[in-house]
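Quick note: the coordinates plus some simple rules give every number you see, no bench work behind them. Note that the structure is a prediction, hence the values are computed from the model and not measured. Neighbour counts are summed over all protein chains in view; Cβ atoms, including those assigned to glycine, are modelled from backbone coordinates with ideal geometry.
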Amino acid sequence: MVIKLLLVIQGEPMGIEERKLREKEERHALIIENAKKLIIEHGVDYLTMQTLAEISELSKATLYLYFENKDAILMEILENAASDFVNFARSRIPGGSSGLQSLHALWMSYLKLFGESQDIIVLTGIKNYIDPQFPLGSEEGGSRFGSAMGEMLALIVEVLRKGVSDGSLEKIPDPERLAYTIIMIATSIIDSETRLPRLQRDPRKISLAIRETFEILLRGLAAEGSDRSLLTLTAL
């Protein structure tokens, strides 16, 4: 009986600590989700610590216990969105596929994620807020920013080099520079639309513009005699 009582007493603090940890994690996730909602609805500039605290029903002091400033929140969202996209895209690139097949799968992944999630819009907004010149030589965003966006760039470069190596893509003098250009084009298309109030945005128009741009790039990069079905991106 004494042993049982001791186990209960010793076990109770663990239960309390676990509950506190879970509540902290849930509150952290809530803050991130509310920040993303504000960005989608109003843009990154509208997001402030005060506004975020209010919609999260927290005091500003409590919010600062989780994040030291707005940039810390944006960086976490950016890192998660970039990592999720890379993992999603890699999961959809078939093993043993050619560079052209991989590029087709990569861009279909981008379109699918854009159609099913707001993360691409959020990622674009944050990128343009932190460092609008990226990836064209600016380092304003710092190492964490460069690392997060670098994951996406590295995947594109990897696919381009694979295509050049296996002959499914034309020779590309500078795959890294082309990857930079692709990032700039894709984010510019989204940014031009997301500057409009949300009710005036047309996701189908954005998706069509991205798809047509990627198809032009596919046709320009594909080696002569390539499978024509890989030069078209199916509308989602």
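Lysine pairs in the chain 8 or more apart or on different chains: how many have alpha carbons under 17 angstrom apart?
The result is 9.
Can you put L217, L113, L123 in order of Cβ neighbours within 10 angstrom, beginning with the fewest?
The fewest-first ordering by Cβ neighbours comes to L217, L113, L123.
Which distance in Å, rounded to a whole number, links the C-alpha centroids of the range 166-222 and the range 45-61?
34 Å
Divide by every residue of the chain the summed helix terms, -39500 (n - 2.57) for each DSSP H run of at least 4, and state the resulting mean residue ellipticity at 222 nm, rounded to the nearest 500 deg cm²/dmol.
It comes out at -25000 deg cm²/dmol, rounded to the nearest 500.
Suppose the chain between Q133 and L208 were pulled fully straight at 0.36 nm per residue; how much longer would it get relative to their current alpha carbon spacing?
Result for the pair: 24.5 nm of gain on full extension.
Can you put T187, T232, T213 in order, fewest other beta carbons within 10 Å first?
T232, T213, T187
Using only Cα atoms and rounding to the nearest 10 degrees, what angle (0 to 90) does helix 175-194 make with the longest principal axis of the chain?
For helix 175-194, the angle is close to 70 degrees.
For A222, enumerate residues with amide H under 5 Å from its amide H, sequence gap 5+ or separate chain, H modeled in the peptide plane.
E170
Where does the charge balance sit around E158 when Lys and Arg score +1, Asp and Glu -1, over other residues with C-beta under 14 Å from its C-beta?
0
When S226, S91, S147 are ordered from fewest to most other Cβ atoms inside 10 Å of their Cβ, what list results?
Lowest count first: S91, S147, S226.
Compute the long axis of helix 142-166 from its Cα atoms, compare it with the longest principal axis of the Cα atoms of the chain, and write down the angle in degrees, 0 to 90, nearest 10.
Helix 142-166 and the main axis of the chain meet at about 30 degrees.
Which angle between 0 and 90 degrees, to the nearest 10, do you get for helix 203-221 versus the longest principal axis of the chain when only C-alpha atoms count?
Rounded to the nearest ten degrees, it is 50.
Using only alpha carbons, build the gyration tensor for the chain and give me the equivalent ellipsoid semi-axes, biggest first, whole Å.
41, 23, 16
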